[in-house]
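The values are calculated or read from the model by the stated rules, or taken from the named source; none is laboratory data. Predicted, not measured: the structure shown is a model, and the values here were computed from it. A quick note on method: Cβ atoms are made from the backbone with ideal geometry, for glycine too, and the neighbour counts reach across all protein chains shown. Please note that ligands, DNA and RNA were not included when accessible areas were found on the heavy atoms of the full protein model with its side chains. Shrake-Rupley method; radii C 1.70, N 1.55, O 1.52, S 1.80 Å.
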Amino acid sequence: MAETSRGAGDRMPGGAAAAEIRRLLQDLDETRVGEEMRALITELFPICRSITGAGLRQSLRIVGRVVPLAVTEVPSGTAVFDWVVPREWNIRGAWVKGPSGEIVIDFQRSNLHVLNYSSPFRGRLGLEELKPHLHSLPERPSLVPYRTSYYKESWGFCVSHDQLEALEPGEYEVLVDSSLEDGSLTYAEHLVQGATEDEILVSCHCCHPSLCNDNLSGVALTATLARVVGALRPRYSYRFLFLPGTIGSITWLARNEAQALRIRHGLVVACVGDRGPMTYKRSRRGDAEIDHAVEHVLGHSGQRFSVRDFSPYGYDERQYCSPGFDLAVGSLTRTPHGEYPEYHTSGDDLSFVENAALVESLRRYLEVFEVLEGNGTYLNLSPKCEPQLGKRGLYDALGGRSHAMETQMAMLWVLNLSDGRHTLLAIAEKAKLPFHAVREAAVALEAKNLLRREPG
Ligand code: ZN
C-alpha cells in the first residue's frame, strides 16, 4: 500500500541503526539540510491548501520529490468513524471591489484573504452587509488572520483590522470563485521497512495554506526525516504520514485499524521552525517509552525545553490518543500552537521560520529515533562482583581522554543494572548520562562477552 523506500531490511544486531544515526548526527551538514528544508517550505508556501482539493494534491506531489509517497484518495461522503469525508473544495480566485471599482481584497495577493472552504458567492452589497463576512484580528491590527469554515457552509474574507477600519462606506462587489463538490480527500504516506513490523509513526498535517511554522515546517521536517531514515537499516519500520488535520488522521485510522496496532511509538510533528524552545506533549499514557525517550533527549540537549501532559486538544495526537486507540504518540514541537503571536496569521511567513531552528528540531527527532532504535535490555554475564575492565582493554575501548570518566561510569552502570529488568534508557536516566554513552558501553561490553542482549 504505502510507498516503500527499501525492501525488507536486513536483520541488524540490536542498536545498529542507533550507531548509524549517531554518525549521521556527527557528520550532519547543517547548512545544506537547513537550506533544503527552507527550499521545500518556500516552494510550498504560495499554494492554497485545505483539507481537500487541488492545492493539497499539488503540495503532496512536491513533497513526493523529496521522498516517494503513496497517495490515497478517499471519496467525499465516505463514513470514517463518527465523521464523513467532506465535499472537495477548490478555488480559482476571489476578490472584493470597493465603491470606486478597484480591487481592495485579493486572493491572488495572499490565499489567507479567503475564508478557507468558503462557498462560492457573487454579488453586490453595502459595507454593513459585507462586514459580517470579513474576519480580522483587532488585537493584532496589522496581521491577516487564517480562518476556516470546513463544516459550516459560509463565505468570507480575512483582512487586517487596519484595512477593515479603513474601508469606505458604499457598495462593494464580491466574487468567490470556488467550488464545493463531490470529490475526494487526499493523504499520503511513506513507509521505511525495517527489520521488524513494529512501527514508529511520524505524522504531520499539511492542510494549511500560506503558513510556515504551523504546517510547512512540520511537512519539511517529516519529509527530511523520511529521506534520512530511508538510508538507514532500522530495526523499526517507520510510517510517515502527510494528512489534512483531524479529518485526515481520522480517515487514516478508520482505514488502517489493524495497521495502527503495529504502532509502538509515534510523534506528531508541527511548529518546528520558530525560535522558541522545544516543547514535548506526552502521549495519553504519559509513561510510554516514547515519553521517556523524548524527555531524555531534551534533558541532554543543552537547550531550554518544556514538557507537558497530554490534553485532548492540539493536533492529530488527539485522534491517535483517543481511548479506542490509545497509541503511544506524543507531539514534539517548538512553541506550541496558539502560543506565539504570529500563530494562524500572515505573520507566520517565511521570515518567521529559521533554518537553525529547523535543523535543531531535526537533530532532536533523530536523537529520539537513536534512543528507540538502540534501546533494549541486557543481562550481565559476570554478575558476581565487578568484572575487571582493564585486563579486557575496555578502558581504552571508547572515546578520547575527555570522555574516559563518562565511559567508565557508563560501563559500571550498565554492568550493575543489566539484570534483565532495566532498559538502556532506564540505565541512562539513573546514571544521568546521555543515551549514546550508555549504548556504546553496552556494545563494548557485549563484544567482550560480559553482556548479552535479551530478545525483544
Ligand atoms: Zn493550525
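So in the chain, what percent of DSSP beta bridges are antiparallel if you round to the nearest 5? Before the final figure, lay out the partial values.
Numbers: 41 of 67 bridges.
Within the chain, antiparallel bridges account for around 60 percent of the total.
Taking ARG140, ARG334, ARG363 and ordering them by how much accessible surface each has at a 1.4 Å probe, largest first, produces ARG140, ARG363, ARG334. Computed over protein heavy atoms with a 1.4 Å probe, the carbon and sulfur contribution to the accessible area of the chain reaches 48%. In the chain, the longest principal axis of the Cα atoms and the axis of helix 218-230 are about 40 degrees apart.
Only Cα pairs under 8 Å and at least 6 apart count here; give the relative contact order of the chain as a rounded whole percent. Computed value for the chain: 18 percent relative contact order.
Looking at the stretch 173-276, which GluC sites (Glu not before Pro) are in a loop (DSSP not H, G, I, E or B) and have at most 12 other Cβ atoms within 10 Å?
Values: sites: GLU173, GLU181, GLU189, GLU197, GLU199, GLU257; in loops: GLU197.
Filter output for the stretch 173-276: GLU197.
As an equivalent ellipsoid, the stretch 189-302 spans semi-axes of 21, 19, 15 angstrom, where each value is the square root of five times an eigenvalue of the C-alpha gyration tensor, largest first. Rolling a 1.4 Å probe over the protein heavy atoms gives the chain an accessible area of 42 Å² per residue.
Give me the Å³ per residue figure for the convex hull around the C-alpha atoms of the stretch 377-453. Display every interim value, and only then the final one.
Working: hull volume 5.8 nm³, N = 77.
Spelled out: Cα convex hull of the stretch 377-453, divided by residues, is 75 Å³.
Could you tell me the calculated FRET efficiency between ALA166 and VAL71, based on Cβ-Cβ distance and R0 = 41 angstrom, to the nearest 0.05?
Details: r = 44 Å, r/R0 = 1.07.
The value I calculate is 0.40.
The alpha-carbon of LYS432 sits under 19 angstrom from the alpha-carbons of these aspartates and glutamates, leaving out residues fewer than 8 places away in its chain: ASP287, GLU289, ASP291, GLU295, GLU367, GLU370, GLU406, ASP419, GLU440. Kirkwood radius for the stretch 159-206, taken over all pairs of different Cα atoms as the inverse mean of 1/r, rounds to 17.2 Å.
In order along the stretch 182-197, phi translates into HN-Hα couplings of 4, x, 7, 9, 10, 9, 9, 9, 9, 10, 9, 6, x, 6, 10, 7 Hz, rounded to whole numbers, per the Karplus curve 6.51 cos²θ - 1.76 cosθ + 1.60 with θ = phi - 60° and x for Gly and Pro.
How big is the C-alpha Rg of the chain next to the rule-of-thumb value 2.2 N^0.38 Å, as a ratio? Present the calculation step by step, with values, prior to reporting the outcome.
On the way: Rg = 25.1 Å, N = 456, 2.2 N^0.38 = 22.5 Å.
Working it through for the chain, the quotient is 1.11.
For the chain, the mean residue ellipticity at 222 nm estimated from helices alone is -9500 deg cm²/dmol, where every DSSP H run of n ≥ 4 contributes -39500 (n - 2.57) and the total is divided by all residues, rounded to the nearest 500. For the stretch 89-181, the Kirkwood radius over C-alpha pairs fed into Stokes-Einstein at 10 °C and 1.306 mPa s yields D = 121 µm² per second.
The HN-Hα couplings worked out from phi for the stretch 81-86 by the Karplus form 6.51 cos²θ - 1.76 cosθ + 1.60 (θ = phi - 60°) are 6, 8, 10, 10, 4, x Hz, whole numbers, x standing for Gly and Pro.
Within the stretch 290-343, report the GluC sites (Glu not before Pro) that DSSP leaves as loop and that have at most 13 other Cβ atoms within 10 Å. Present the calculation step by step, with values, prior to reporting the outcome.
Working: sites: GLU295, GLU317, GLU339, GLU342; in loops: GLU339, GLU342.
Passing both the DSSP loop test and the Cβ count: GLU339.
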